[in-house]
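Read-outs: derived from the displayed coordinates by stated rules, not from any lab. This one's a predicted model, so the numbers in the text were calculated from it and none came from an experiment. Ideal geometry is used to build each Cβ from the backbone, glycine not excepted, and the neighbour counts take in all protein chains shown.
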Amino acid sequence: MSDFWLYFILGFEHVLDWAAYDHILFLVALSAAYTFVSWKRLLLLVSLFTLGHSLSLLLASYELVIVPSEPIEFLIPLSILIAAFYNLYAATNQKTDKKLGVIFLITVFFGLIHGFGFAAYYKMIHVDDSILPLFEFALGVETSQSIIVFVVLVVAFIFQSLFRFNKRDWVLVVSSMVIGCVFPMLVENWIF
């Protein structure tokens, strides 16, 4: 297997790892408020996540920034919780639909935090100083994220079209489910 496929598959499987489902939860929370009509905005958000994730991996790999794992492991579920609560707030307040800065910041923040959380493992498998494997890894991450987002959009379409869920109810239900799933992670990684 070429190095490209090695790092691409590593990035791809990193996102789809059911044992570390925090990434999936964040993508579900991020995607819940979108439909196929607004796919470009959602794709931008997913790419912002990948950019943040790659930046923190780069900084940690070259030891430009060293962050202890305990706060990172707490901040990961906290950022998911913030994204889900933002969805709940936005679903009940129509004025927030136009203000995307908050969700953009949450997305980049989660990308940075999640990248720092994965940095120790990445440093173990990446032994030389080449930056190319990071891009290959990021391409795998972006591809698997796009698949998850597509699945969420399809499920949203089915529920909103066939089962007549309105968009607001869909966002409230999905975001509440994400909150329910992320609370045990938050308690498990509590640092205070």
Cα shape, region 91-192, gyration tensor, a/c 1.5 rule: prolate
Structure-derived Cα extents along the principal axes in Å - corresponding label in [x] 54, 33, 30; [y] 53, 41, 29; [z] 46, 37, 35: [y]
Relative contact order of region 1-134, defined on C-alpha pairs under 8 angstrom at six or more residues apart (%): 38 percent
Separation of alpha-carbon centers, region 120-192 and region 1-36, rounded to whole Å: 6 Å
Among Phe165, Phe110, Phe26: highest mean-square fluctuation, GNM of the chain, C-alpha pairs under 10 Å: Phe165
Alpha carbon convex hull of region 139-192, volume per residue in cubic angstrom: 103 Å³
Three-way shape call for region 53-143 based on the alpha-carbon gyration tensor, with the a/c threshold at 1.5: prolate
Helical contribution to [θ] at 222 nm, DSSP H n ≥ 4, -39,500 (n - 2.57), averaged over the chain, rounded to 500: -25500 deg cm²/dmol
The chain: DSSP helices with Cα axial extent of at least 24 Å and average Kyte-Doolittle hydropathy no lower than 0.5: 39-61, 69-92, 101-125, 132-157, 167-188
Global form of region 22-84, assessed from the alpha-carbon gyration tensor, a/c cut-off 1.5: oblate
Peptides ranked, highest mean first, by Cβ atoms within 10 Å: ranges 147-154, 131-138: 131-138, 147-154
